[in-house]
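This report refers to the structure that appears directly beneath it.
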Amino acid sequence: MKATGIVRRIDELGRVVIPKEIRRILRIREGDPLEIFTETDGTIMLKKYSHIGEMSKFAQKYADVLAQNSGHKIAIADRDVIVAVAGGMPREYVGKNVSKPLEMLMKDRVSLSTLKGNKAIDIIEGENTTSKEQQIVQPILGDCDIVGSVILVQKEGNTPLSEIEQKLVLVAANFLGKQMEE
């Protein structure tokens, strides 16, 4: 993306309007947290803040342990991108945008389980990641806000998913959500 300069005025309350096109391109939604940085030369920089991204090393360790103990593929995402993968999930998924269906699940605070007859969804934008494998998706809530999701995908050749894997994913999402609150 090329650098863009736009002149905006600050209103009496100190607010600056970020143009809709920039918000759309950067996937900035109403209510998203932004970090504000200042430089000595007078530059003010806004950066999207990701609760999960701040603890990506921790999320990666949790994904590794969950994959090791479940025997299945794991991905952990914030609201925009995949931040951790384990258990045979391709490493190149880290940093890629989540798919629109996954984004909508998170927005609606809905879990998905192919155990309950739901259809599997793509997890990466622009890539066909669905297959015949079963899938469980659980949103992560931190301070009553959606901060991401935990995704478990059945590894080929492994036993079918059960209520145990569903509980593992629920516990993972609840634990990561509690970590966000601290």
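Checking residue 169 against (1) in a helix (DSSP H, G or I); (2) exposed (fewer than 13 other Cβ atoms within 10 Å of the Cβ), which single condition isn't satisfied?
Residue 169 satisfies all of (1) in a helix (DSSP H, G or I); (2) exposed (fewer than 13 other Cβ atoms within 10 Å of the Cβ) except (2).
Kindly list, by first and then second residue, each pair from a residue in the stretch 158-173 that is assigned by TED's automatic domain parsing to the domain that holds residue 84 and closer than 23 Å to residue 60 by Cβ to a residue that is of a type in the set (Phe, Trp, Tyr) and surrounded by 17 or more Cβ atoms within 10 Å (Cβ to Cβ), limited to pairs with Cβ atoms under 7 Å and residues at least 6 apart or on different chains.
172/62
With the structure loaded, tell me whether residue 137 is surrounded by 14 or more Cβ atoms within 10 Å (Cβ to Cβ), assigned by TED's automatic domain parsing to the domain that holds residue 58, of a type in the set (A, V, I, L, M, F, W, C) and under 15 Å from the mean Cα position of the chain (by Cα) or whether it fails that test. Walk me through how you get there before you give the answer.
Numbers: surrounded by 14 or more Cβ atoms within 10 Å (Cβ to Cβ): yes; assigned by TED's automatic domain parsing to the domain that holds residue 58: yes; of a type in the set (A, V, I, L, M, F, W, C): yes; under 15 Å from the mean Cα position of the chain (by Cα): yes.
Taking the combined requirement at face value, the residue satisfies it.
So which of 102, 115 is surrounded by fewer than 18 Cβ atoms within 10 Å (Cβ to Cβ) and on the phi < 0 side of the Ramachandran plot?
Values: 102 fails: surrounded by fewer than 18 Cβ atoms within 10 Å (Cβ to Cβ).
Just one listed residue meets the conditions, 115.
Show the residue pairs that are 6+ apart or on different chains and have beta-carbon atoms under 7 Å apart, the first residue being within the stretch 55-71 and assigned by TED's automatic domain parsing to the domain that holds residue 142, the second being at pLDDT 90 or above and charged (D, E, K, R).
The qualifying pairs are 67/73; 70/165.
Among the candidates 50, 70, which residue alone is of a type in the set (Gly, Ala, Ser), at negative phi and at pLDDT below 85?
Values: 70 fails: at pLDDT below 85.
One residue alone meets the criteria, 50.
Condition first: under 21 Å from residue 27 (Cα atoms) and modelled with pLDDT under 90. Can you find one or more residues in the stretch 133-141 that meet it?
no
When you scan the stretch 53-72, how many residues do you find that are hydroxyl-bearing (Ser, Thr, Tyr) and within 13 Å of residue 169 (Cβ to Cβ)?
Within the stretch 53-72, residues that are hydroxyl-bearing (Ser, Thr, Tyr) and within 13 Å of residue 169 (Cβ to Cβ) number 2.
Enumerate the helices (runs of 4 or more DSSP H) found wholly within the stretch 19-128, keeping only those where 2 or more residues are under 15 Å from residue 152 (Cα atoms).
Details: elements: 20-25, 51-54, 56-70, 100-107.
Answer list for the stretch 19-128: 56-70, 100-107.
The values are calculated or read from the model by the stated rules, or taken from the named source; none is laboratory data. Note that the structure is a prediction, hence the values are computed from the model and not measured. Cβ sites come from the backbone with ideal geometry, for glycine too, and all protein chains shown count toward neighbours.
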